[in-house]
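Trainee: Below are the structure tokens for one structure; questions will follow.
Bear in mind these aren't lab numbers, they're just calculated from the coordinates by the rules spelled out. Quick caveat, the model's predicted, so the values are computed rather than measured. Reconstructed Cβ throughout: ideal geometry from the backbone, glycine too, with neighbour counts over all protein chains shown.
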Amino acid sequence: MDIGLLSLLLVVVLFGLLLAGLWVGFALMAVGLVAMELASNAPVASVFARRVWGSMNVWDLTALPMFIWMGEILFRSRLSSDMFEGLAPFTRRLPGRLLHVNVFGCALFACVSGSSAATTATVGRMSLPELKRRGYDPRIAIGTLAGSGTFGFLIPPSIIMIVYGAATEQSIARLFLAGVGPGILLAALFSAYVMVWALLNRDGMPPPEPKAGPGEKLRALGLLLPTVLLIVAVIGSIYAGFASPTEAAVLGVAGALAIAWFSGGLDRDSFVTALRGAAITSCMIAFILAGASFLTVAMGFTGVPRILAAWIGEQGFSHYALLAVLLVFFIVLGCFLDGISIVVLTTSIILPMVLAAGIDPIWFGIFLVLVVEMSQITPPVGFNLFVIQSITGRNIFEIAYYALPFFLLLVLATAILTVFPEIALWLPGTMMSN
């Protein structure tokens, strides 16, 4: 069959199955089966069995359910309320005041969660009612939460980085290290925007609050201490070389259980609920990874990735032109698919082009995560938008409008990272070499 016709048929089959409501993992498996039946004489059942088993039999993937479980436990603890109270005294003198709690709170929780939706839900349930009570403009309050909630994907430990690392056979520790610089850059951009907005829209800000005294700041530091200790245990152990990501994830679960226990947020029901939530999410991701792995092999039999990579090479695209095209492609795709599906669905086709263009796969992983973050706040399938809708009851397109400035800041951060790739590559290059 002609390659162009086959590619079109596979795209139609994929989106037809997704629109019919079939789970993403099973839809990917079905497309792979169709591709192999039409373009190969290989034994489909044997290839399917070996590839699905091989995709799951990866030690690095054991970190995935651990980090998910850690986030589920902390989601049900008092960590978010303690974090809000701990950050508030230190932001009162900044332009924008408590709006920065959304930015810094999401950045801190992302360090112990790894999930964008969990970060948005945990911080949002505490911050939005409090900001509304104190008289902050809901437009900027919701916008900062929607944008900052995406930190859960970028700031390690990141679930989507584990998925990308497993799908592309890249070092998860290097990906975690590479996410630190862009995470700090993005938090700085968001915080700077909040300051500028507050200075230009003084009518949207409540009256100034009294300056926090030394005693209040000391108490606030005590509330932040459990979060800081957990970050040091999880991320610090990886950076220092004391633990692998999987071992650090186990440390994180133990620390999360301790925090939930001492804060009074852990009982039998919450423990079982957190364990069930982690199991469901892990199984969902496992099915997607298995389907994507089989589809990768099937696409190899069709020759589509090889032909596409050769075509890209013949066009003579510069790095910037190729990345600009991929940026638009991923933004459009993000309007219809969730982040994990985007990563596992596209890496088998996109990565050969990226490697052929001489782009570092670790850097490209961070680029991809940034673009996937945009999909969290673009309708109609923006998970952060749905989470905030469940908290506020507002229309999803209204929330997306409030999040638009932060979407544009994500695009700006991607452009800065493209021009200055060392923002992502310096830390893993330095620490892993030592």
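Trainee: Which of rounded, prolate or oblate describes the stretch 231-294 when judged by the alpha-carbon gyration tensor and an a/c cut-off of 1.5? Can you show the working numbers first?
Mentor: Values: a/c = 4.19, a/b = 1.14, b/c = 3.67.
The shape class here is oblate.
Trainee: Same structure, new question: Would you please name the trypsin sites (Lys or Arg not before Pro) within the stretch 1-109 that are DSSP coil residues with at most 12 other C-beta atoms within 10 Å of their C-beta?
Mentor: Details: sites: Arg50, Arg51, Arg76, Arg78, Arg92, Arg93, Arg97; in loops: Arg76, Arg78, Arg92, Arg93, Arg97.
Sites meeting the loop and neighbour criteria: Arg93.
Trainee: Taking all pairs of distinct Cα atoms, average 1/r, flip it, and tell me the Kirkwood hydrodynamic radius of the stretch 142-244 in Å to one decimal place.
Mentor: Values: mean 1/r = 0.0603 Å⁻¹.
Roughly 16.6 Å, rounded to one decimal.
Trainee: Given q = 0.17 Å⁻¹, what are the Debye log10 I(q)/I(0) values for the stretch 25-75, with equal point scatterers placed on the Cα positions and solvent ignored?
Mentor: -0.67
Trainee: Let me ask another. Which one, Arg202, Arg268, Arg139, has the greatest fluctuation when you compute a Gaussian network model over the chain with C-alpha springs under 10 angstrom?
Mentor: Top of the fluctuation ranking is Arg268.
Trainee: In the Gaussian network model of the chain, springs joining C-alpha atoms below 10 Å, which of Ile231, Ile307, Ile349 carries the largest mean-square fluctuation?
Mentor: Most flexible of the set in this elastic network: Ile307.
Trainee: Compute a Gaussian network model of the chain, connecting alpha carbons closer than 10 Å, and tell me which residue from Gly339, Gly241, Gly147 fluctuates the most.
Mentor: Comparing Gly339, Gly241, Gly147 in the GNM, the peak value goes to Gly241.
Trainee: If you don't mind, there's one more thing I want to ask. Specify whether the C-alpha gyration tensor of the stretch 1-159 places it in the rounded, prolate or oblate class, a ≥ b ≥ c being the square roots of the eigenvalues: rounded for a/c under 1.5, otherwise prolate if a/b is larger than b/c and oblate if not. Write down the numbers at each step before the final one.
Mentor: Values: a/c = 3.92, a/b = 2.33, b/c = 1.68.
Prolate, because a/c is 1.5 or more and a/b exceeds b/c.
Trainee: A further question on this structure: Could you tell me what fraction of 2.2 N^0.38 Å the Cα radius of gyration of the stretch 349-410 comes to, as a two-decimal ratio? Write down the numbers at each step before the final one.
Mentor: On the way: Rg = 15.2 Å, N = 62, 2.2 N^0.38 = 10.6 Å.
Compactness ratio reported: 1.44.
Trainee: Subtracting the Cα-Cα distance from 0.36 nm times the residue separation, let me have the gained length for Val12 to Leu229 in nm, one decimal. Provide the component values of the computation, followed by the final result.
Mentor: Working: separation 217, 0.36 × 217 = 78.12 nm, distance 4.94 nm.
Length gained between Val12 and Leu229: 73.2 nm.
Trainee: Any chance you could tell me what percent of the C-alpha pair distances in the stretch 70-133 go past 17 Å? All intermediate terms of the calculation are to be shown ahead of the outcome.
Mentor: Working: 656 of 2016 pairs.
For the stretch 70-133, the fraction of Cα-Cα distances above 17 Å is 33 percent.
Trainee: A further question on this structure: Suppose we keep just the alpha-carbon trace of the stretch 106-198; what are its Rg and Dmax in angstrom?
Mentor: Here Rg and the maximum Cα pair distance are 14.6, 49 Å.
Trainee: Okay, moving on. Need one word for the stretch 1-49: rounded, prolate or oblate. Basis is the Cα gyration tensor (sqrt eigenvalues a ≥ b ≥ c); a/c below 1.5 gives rounded, then a/b vs b/c decides.
Mentor: Values: a/c = 3.80, a/b = 1.18, b/c = 3.22.
It comes out oblate by the Cα gyration axes.
Trainee: I would also like to ask the following. Which longest uninterrupted range of the chain lacks any chymotrypsin sites (Phe, Trp or Tyr not before Pro) assigned by DSSP to a loop state (not H, G, I, E or B) and surrounded by at most 16 other Cβ atoms within 10 Å?
Mentor: Values: sites that count: Trp23, Phe242, Phe317, Phe336.
Segment 24-241 is the longest.
Trainee: Moving on. For a distance above 41 Å, tell me the whole-number percent of Cα pairs in the chain that qualify.
Mentor: Working: 14826 of 93961 pairs.
When all Cα pairs of the chain are counted, 16 percent exceed 41 Å.
Trainee: From the P(r) of the stretch 189-261, could you give the percentage of C-alpha pairs in the tail past 18 Å?
Mentor: Details: 1679 of 2628 pairs.
Beyond 18 Å sits 64 percent of the P(r) for the stretch 189-261.
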